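To start, the structure under review is shown below, and the notes come after it.
The values are calculated or read from the model by the stated rules, or taken from the named source; none is laboratory data. Since we're looking at a predicted model, the values are computed, not measured. For neighbour counting, all protein chains shown are included, and Cβ atoms are generated from backbone atoms with ideal geometry for every residue, glycine included.
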Amino acid sequence: MKKVLLVLAVLGIFISQSTIAEAKKVYVKWGATSVRSGLYANTVAMASIVNKAYPGELEVTVVETGGYLENIVRIQKKSIMMGPADAAAGYAAYEGIID
């Protein structure tokens, strides 16, 4: 539950960065994991909730990835905007161990 709240808080920050005066739709690519995992289904459900809460303002698309480490690599390459990761993947990115 804490992870869900953290993810929603981060998403709220993304939403708050776009001003209402612009009335511009924001597209977010949200990295997940393999489609066979429970985390993927959870991510799709959260994206659906966000899309319904902000129609016309925000569109979240869930992207299948290889997992936590790949999510960090894709965030660094800007092919996704956010995604779950664990401490080991975060440490590897911080130390420059991953590409």
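Structural remarks
- Residue, farthest from residue 29 (Cα to Cα), within the stretch 66-77, restricted to residues that are crowded, with 17+ Cβ neighbours inside 10 Å and of a type in the set (D, E, K, R): 70
- Filter result (surrounded by 15 or more Cβ atoms within 10 Å (Cβ to Cβ) and assigned to a loop (DSSP other than H, G, I, E, B)) within the stretch 78-99: 80, 81, 83, 84, 85
- Residue count for the stretch 21-77, restricted to those that are in a loop (DSSP other than H, G, I, E, B), closer than 24 Å to residue 87 by Cα and either touching a Lys or Arg at 6+ places or on another chain (Cβ under 8 Å) or aromatic (Phe, Trp, Tyr) (or both): 1
- Candidates 44, 63, 50 - the one that is in contact with a Leu (Cβ under 8 Å, 6 or more places away or on another chain), modelled with pLDDT of 95 or more, among the aliphatic types (A, V, I, L, M) and surrounded by 12 or more Cβ atoms within 10 Å (Cβ to Cβ): 50
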